[in-house]
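S.K.: Take this structure, written in structure tokens, and hold onto it; I'll ask about it next.
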Amino acid sequence: MAKETEKKYITNEELKNHNKSGDLWIAIQGKVYNVSDWIKSHPGGDTVILNLVGQDVTDAFIAFHPGTAWHHLDNLFTGYHIKDFEVSQVSRDYRRMAAEFRKLGLFDNKGHVTLYTLSFIAAMFVGVLYGVLACSSVFAHQIAAALLGLLWIQSAYIGHDSGHYVIMSNKSYNRFAQLLSGNCLTGISIAWWKWTHNAHHLACNSLDYDPDLQHIPVFAVSTKFFTSLTSRFYDRKLTFDPVARFLVSYQHFTYYPVMCFGRINLFIQTFLLLFSRREVPDRALNFAGILVFWTWFPLLVSCLPSWPERFFFVFTSFAVTALQHIQFTLNHFAADVYVGPPTGSDWFEKQAAGTIDISCRSYMDWFYGGLQFQLEHHLFPRMPRCHLRKVSPVVQELCKKHNLPYRSLSWFDANVLTISTLKKAAYQARDAANPVVKNLVWEALNTHG
């Protein structure tokens, strides 16, 4: 009882004031922690912490961290507790669910997916080499190109998995798997992926905080972009100028063609980050991995007999990866959106609102990399993909209990809904004479989020 009287308390309102550089506090299960110095060495980067400082982050902490991370909190404890600490019923159920899954070993039992996928990638790479170097027909070269595109898709899933949890026997091998599957095989920096993907998970479908929705001037999933929102992730204005208006006006037509060349944008984003002044973890290793890709890939293409064949080889390999780019956008473009920073008090609700699952047979799980269970993945990003189908019914029940959306659509229906979303915004963008106010009124009546 004496110890209880010694506790120091602050309110949630007072906690909100600790959100500036050098004074960054968060609360986890009612205890307050100072992360001002820790943010510099946080494995997940500084963006995820900066977006949630000054509030309770318990649900996000549970989602992103293994059980061993709780021990590190003791060194960051300020001595303060939250006086008006409350937990919503949704959060209670989510935490109970996470604890139950942990007891069942669903976060530790990784199955053999990584072994099978890496073996498949290796076999495909041999097939690509054989098709290019040992075959002379154009048809064989095109088959090799398609196989290379499929290899890149599967390799990206390995990079994705290894970025969320340790898929190998230890962290060193895991880092090697990241660089191999990301930088060396696909030409996309794992450092860039971690930087953007962690922010996406945290601020799922926030128009100004989630980089995965910020595609001005090419795409706008909401007419709220017509006000030239400021990207809090890139720290720049997403200017909706005449060029953006024109491109967005036809985005429902350009969507699939742009997806065919989406890989080029990922190459550009990789170089922009690696050559930027930002602190990039393992910058030298990332550069080395990218150099490996830009050595073997041009050499492979140069082995083809003519420039037309080289062009169509590159085009086909890029076009096949459009399947993955489309999948990623189907998971979010037509889901609910909002403006503003993420909040720790409605973690489950925001993830449910901002995601769309893709329904498929279990034998197609390999093709989607487990990400067809998008809500399940967002709620439990550290859960190996082999368990996502198992937990899906439990997540559905929890959504039903709290009257939260759980959307699972076929590939075809998800495409239809996404095109419809783009089309609605495109028609508004075409009316250049409409003042912004009218556009916002239309948004209020027709918004999908």
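The values are calculated or read from the model by the stated rules, or taken from the named source; none is laboratory data. Here the structure is a predicted model, which is why all the values come from computation and not from measurement. When we count neighbours, we look across all protein chains shown, and the Cβ atoms used for this are built from the backbone with ideal geometry, even at glycine. Accessible surface areas use protein heavy atoms only, side chains included; no ligands, DNA or RNA. Shrake-Rupley method; radii C 1.70, N 1.55, O 1.52, S 1.80 Å.
S.K.: Would you check if there is a residue in the range 250-272 being assigned to a helix (DSSP H, G or I) and touching a Cys at 6+ places or on another chain (Cβ under 7 Å)?
M.R.: No, the range 250-272 contains no residue that is assigned to a helix (DSSP H, G or I) and touching a Cys at 6+ places or on another chain (Cβ under 7 Å).
S.K.: Go through (1) modelled with pLDDT under 95; (2) in a helix (DSSP H, G or I); (3) among the aliphatic types (A, V, I, L, M) and name the single condition residue 166 misses.
M.R.: Failing condition for residue 166: (2).
S.K.: Output the residues belonging to the range 66-95 that are open to solvent by less than 50 Å² (accessible area, probe 1.4 Å) and not hydroxyl-bearing (Ser, Thr, Tyr).
M.R.: 66, 67, 69, 73, 76, 79, 81, 82, 87, 90, 93, 95, listed by residue number.
S.K.: Taking the options 302, 359, 345, name whichever one is more than 25 Å from residue 420 (Cβ to Cβ), of a type outside the set (D, E, K, R), open to solvent by 50 Å² or more (accessible area, probe 1.4 Å) and at pLDDT 95 or above.
M.R.: Only one candidate passes the filter, namely 302.
S.K.: Can you tell me how many residues within the range 211-249 are outside any helix (DSSP H, G or I), in contact (Cβ under 8 Å) with a residue 24 or more places away in the chain and either of a type in the set (S, T, N, Q) or over 14 Å from residue 431 (Cα atoms) (or both)? Don't jump to the end; show me each part of the working.
M.R.: So the first thing to find is which residues in the range 211-249 are outside any helix (DSSP H, G or I), and the list is 214-222, 228-241.
If we keep only those that are in contact (Cβ under 8 Å) with a residue 24 or more places away in the chain as well, we get 214, 216-222, 229, 232-233, 238, 240-241.
Cutting the leftovers down to either of a type in the set (S, T, N, Q) or over 14 Å from residue 431 (Cα atoms) (or both) gives us 214, 216-222, 229, 232-233, 238.
Summing the residues that are outside any helix (DSSP H, G or I), in contact (Cβ under 8 Å) with a residue 24 or more places away in the chain and either of a type in the set (S, T, N, Q) or over 14 Å from residue 431 (Cα atoms) (or both) in the range 211-249 gives 12.
S.K.: Conditions: (1) open to solvent by less than 20 Å² (accessible area, probe 1.4 Å); (2) at pLDDT below 95. Residue 220 meets all but one. Number of the miss?
M.R.: With (1) open to solvent by less than 20 Å² (accessible area, probe 1.4 Å); (2) at pLDDT below 95 applied to residue 220, the lone miss is (2).
S.K.: Going residue by residue through the range 120-128, is there one that turns out to be surrounded by 15 or more Cβ atoms within 10 Å (Cβ to Cβ), touching a Lys or Arg at 6+ places or on another chain (Cβ under 6 Å), within 20 Å of residue 267 (Cβ to Cβ) and in contact (Cβ under 8 Å) with a residue 12 or more places away in the chain?
M.R.: Within the range 120-128, not a single residue is surrounded by 15 or more Cβ atoms within 10 Å (Cβ to Cβ), touching a Lys or Arg at 6+ places or on another chain (Cβ under 6 Å), within 20 Å of residue 267 (Cβ to Cβ) and in contact (Cβ under 8 Å) with a residue 12 or more places away in the chain.
S.K.: Out of all the residues in the range 274-287, is one or more at pLDDT below 95, in contact with a Pro (Cβ under 8 Å, 6 or more places away or on another chain), outside any helix (DSSP H, G or I) and surrounded by fewer than 17 Cβ atoms within 10 Å (Cβ to Cβ)?
M.R.: Among the residues of the range 274-287, not one is at pLDDT below 95, in contact with a Pro (Cβ under 8 Å, 6 or more places away or on another chain), outside any helix (DSSP H, G or I) and surrounded by fewer than 17 Cβ atoms within 10 Å (Cβ to Cβ), which makes the answer no.
S.K.: Assuming residue 374 fulfils every condition listed in (1) in contact with a helix residue (DSSP H, G or I) (Cβ under 7 Å, 6 or more places away or on another chain); (2) open to solvent by less than 30 Å² (accessible area, probe 1.4 Å) apart from one, which condition is it?
M.R.: Going through the list (1) in contact with a helix residue (DSSP H, G or I) (Cβ under 7 Å, 6 or more places away or on another chain); (2) open to solvent by less than 30 Å² (accessible area, probe 1.4 Å), residue 374 breaks only (1).
S.K.: Let me ask another. Being assigned to a helix (DSSP H, G or I) and open to solvent by 30 Å² or more (accessible area, probe 1.4 Å) is the requirement here; does residue 100 meet it?
M.R.: On the way: assigned to a helix (DSSP H, G or I): yes; open to solvent by 30 Å² or more (accessible area, probe 1.4 Å): yes.
Against the criterion (assigned to a helix (DSSP H, G or I) and open to solvent by 30 Å² or more (accessible area, probe 1.4 Å)), residue 100 qualifies.
S.K.: Given 316, 329, which one is among the β-branched types (Val, Ile, Thr) and within 19 Å of the chain's Cα centre (by Cα)?
M.R.: 329
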